[in-house]
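Read the structure below first, then the notes.
The values are calculated or read from the model by the stated rules, or taken from the named source; none is laboratory data. Every value quoted in this text rests on a predicted model; they were computed, and no experiment measured them. Here the Cβ positions follow ideal geometry from the backbone for every residue, glycine too, while neighbour counts run over all protein chains shown. Surface areas here come from the heavy atoms of the whole protein model, side chains and all, with no ligands, DNA or RNA. Shrake-Rupley method; radii C 1.70, N 1.55, O 1.52, S 1.80 Å.
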Amino acid sequence: MAYLSNKFDLYVFLVILILLFFKEINMILENILETLKKLNINYDLIEHEATTSCEHSKELREKAWLVWIWSKNIIFHAKWNFYLVTTTWEKDIKARKFKWEFWTKDIRFASQEEINNIKMWTIWSISPFWFENNEIKMYVDSEIFENEFFMFNPWVPEKTIRVKTADLKNIYMNLKNEIKTFKLSEEEIEFNEL
């Protein structure tokens with residue numbers, strides 16, 4: 001009987017953890033939406049099936065005719081610091097391009113465990129902003145600002161938020177993080193203040 005009780009206790013514990021996780025995710029989503037409203041930024045909240053990769057997200061967007069620019073958000077780990085790099089979903093980002101900016105050539109993608117320590121994210125649902133750690137430096141691809149709309153995942157794999165890129169700078173300017181833009185070419189990368 002004690003074995004069943006322990007198994008039941010474990011089940012209850014896991015259910016509570018899952019409920020807390022979803023409660024936190026919904027609180028984050030509500031915080032994002034509330035912040036957009038406070039900044040008077042119009043947005044569309046799009047609901048869809050959960051996405052689990054950039055490729056899956058691309059398939060879903062093409063089926064739904066959502067062909068605006070979508071974000072790809074990567075967290076790099078370099079000398080015990082973390083950096084959030086936001087670009088467009090189709091671009092490949094090479095860590096070595098950031099070695100002079102990060103002052104090291106020892107740069108790699110952050111692991112899921114490291115990402116969990118920053119925030120309870122999954123690798124495929126990292127948002128380009130709105131996390132509690134304002135010490136993470138952020139790098140935004142300048143090409144994003146050349147498009148009409150920008151779409152991102154608000155930590156919820158079943159939801160997407162679309163904003164006008166004209167409003168994007170206003171969002172970034174209201175964050176406490178250090179933020180730079182970058183322009184990527186085959187040979188080099190250029191960094192600028194936002």
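Laid out as a table, the results:
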quantity	calculated
Options F109, F82, F98; residue that is at pLDDT 80 or above, under 25 Å from E158 (Cα atoms) and either open to solvent by less than 100 Å² (accessible area, probe 1.4 Å) or of a type outside the set (V, I, T) (or both)	F109
Condition met for L175 (touching a residue at least 12 places away in the same chain (Cβ under 8 Å) and within 23 Å of I28 (Cα to Cα))	yes
Pick from region 174-189, criterion at pLDDT below 90 and open to solvent by 60 Å² or more (accessible area, probe 1.4 Å), ranking: farthest from F98 (Cα to Cα)	N174
Considering residues of region 163-174 that are charged (D, E, K, R) and part of a helix (DSSP H, G or I) only, the residue nearest to F191 (Cα to Cα)	K169
Residues being at pLDDT 75 or above and either open to solvent by 50 Å² or more (accessible area, probe 1.4 Å) or of a type in the set (S, T, N, Q) (or both) - total across region 112-129	3
The one condition in (1) at pLDDT below 90; (2) open to solvent by less than 60 Å² (accessible area, probe 1.4 Å); (3) more than 25 Å from F98 (Cβ to Cβ) that V163 fails to fulfil	(1)
